[in-house]
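Please read the structure below before turning to the comments.
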Amino acid sequence: MNPVDEFHKLASLFPDSQPLVQNVEYIPASTTPEPYKGLLVHDLHMTVTMETFHRSPVDVKVIDRRLDGDLYNRKILLTKHGTDTVVQFGLVQFDFQYVTEAVRREILEEQIPLGRVLINHNVLRQVDLNAILRITAGPGLAEYLQMPEGGVTYGRVATIFCNQKPAIDLLEISAPLETEGR
């Protein structure tokens, strides 16, 4: 898998009138600056990681969605609970054939972050980190993450296996954070 191609595949699920990014590049996980390294370089759910890092539960805001049979795509923001403070932008492609009807129904309700739904339903899951990306925001991402256009942040592409099947492809981009050495 080419990580930049995977990024563009997921970004193309929801074409915007303004470019999402100016540039995206794959970087080795070992060169990811802190605190992004701790936030992104792991095989855990980003929901839990974001909640721990930001010391707050997170809420999901679905910006756009598409359902075609068992294939569900959505564009989301995670915000600190009860606020408009965005902590993550995400694109998700979920194949519902690998989960129960109850999981599908709760995800389609769009009230709880995906990771929390899978945890709450005790779905056997494994998160495979595919790549870390250094991202220069275009006007679309800048608006979503409340950051300057041309600003840099980091994200990841990952696959979640549900019941040992590759059910979910993800693009998860952190809101900008202060990095060490600044």
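The values are calculated or read from the model by the stated rules, or taken from the named source; none is laboratory data. Predicted model, so just to flag it, every value in this text is computed and none were measured. Here the Cβ positions follow ideal geometry from the backbone for every residue, glycine too, while neighbour counts run over all protein chains shown. The accessibility values were calculated without ligands, DNA or RNA, using every heavy atom of the protein model including side chains. Shrake-Rupley method; radii C 1.70, N 1.55, O 1.52, S 1.80 Å.
At a glance:
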{"item": "Matching residues, segment 141-157, being surrounded by 23 or more Cβ atoms within 10 Å (Cβ to Cβ), among the hydrophobic types (A, V, I, L, M, F, W, C) and part of a strand (DSSP E or B)", "result": "V157"}
{"item": "Entirely in segment 1-82, the strands (runs of 3 or more DSSP E) that have 2 or more residues that are open to solvent by 20 Å² or more (accessible area, probe 1.4 Å) and over 19 Å from Y144 (Cα atoms)", "result": "21-27, 58-68"}
{"item": "Condition broken by A131, with the remaining ones in (1) at pLDDT below 95; (2) more than 20 Å from R74 (Cβ to Cβ); (3) within 13 Å of the chain's Cα centre (by Cα); (4) not acidic (D, E) satisfied", "result": "(1)"}
{"item": "Yes/no for Q126 being among the polar types (S, T, N, Q) and in a helix (DSSP H, G or I)", "result": "no"}
{"item": "Count - residues of segment 84-102 that are more than 18 Å from the chain's Cα centre (by Cα) and touching a residue at least 24 places away in the same chain (Cβ under 8 Å)", "result": "3"}
